[in-house]
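Data first, discussion second: the structure below is written as C-alpha cells.
Please treat every number below as a calculation from the coordinates, not as lab data. None of the values given here were measured: they were computed from a predicted structure. Cβ atoms come from the backbone with ideal geometry, glycine included; neighbour counts cover every protein chain shown.
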Amino acid sequence: MSNIKGIDLTAYLVRDPEKAIAFYRDVMGMTPTVVDDQGRGAEFTLSDGSTFGVWRPDDGETGGAIMFAVDDARAAVEHYRGRGLQLSDVMESPVCLMSFGSDPEGNSIIIHQRKVKD
C-alpha cells in the first residue's frame with residue numbers, strides 16, 4: 001500500500017551546516033546521532049524517536065523538507081506520480097530507499113522506506 005504512515009525526518013536545508021549543527025548542539029542541547037563525513041549536515045534523533053536534520057543541498061537552495069515514511073517506496077512513487085506529483089526515480093542507500101519531489105511552493109517531499117523496521 002502507498003499510504004503515508006508517518007514522518008521519518010524533518011529537516012532544514014541550510015547554507016552553513018557547521019554553524020547549524022553547532023547551534024542545535026550547543027544552544028538547543030541536542031546531540032547529533034549522524035554527522036555527514038563530507039560536512040553536508042547532521043541528524044539528531046530525539047527521545048520520542050523522531051529525527052531532525054540540517055543539511056546543505058547540492059544546489060544551494062534553502063527551505064524545508066519532509067520525509068514521509070512508506071512501506072513500499074517503489075509502489076508509493078508510482079501511486080503519487082499517477083496523482084501528478086513529479087518524483088525522482090527511487091534511489092537506494094545502505095539503509096533506505098528514497099524518491100525526491102517538491103510541493104507547489106518548492107518545499108522538498110521525500111518518499112522514504114527504511115530497510116530495517118524500527
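Some points to look at:
- Checking Ala73 against (1) touching a residue at least 40 places away in the same chain (Cβ under 8 Å); (2) in contact with a Phe, Trp or Tyr (Cβ under 8 Å, 6 or more places away or on another chain); (3) of a type in the set (A, V, I, L, M, F, W, C), the condition it does not meet: (2)
- Considering residues of region 5-44 that are touching a helix residue (DSSP H, G or I) at 6+ places or on another chain (Cβ under 8 Å) and hydrophobic (A, V, I, L, M, F, W, C) only, the residue farthest from Ala75 (Cα to Cα): Met30
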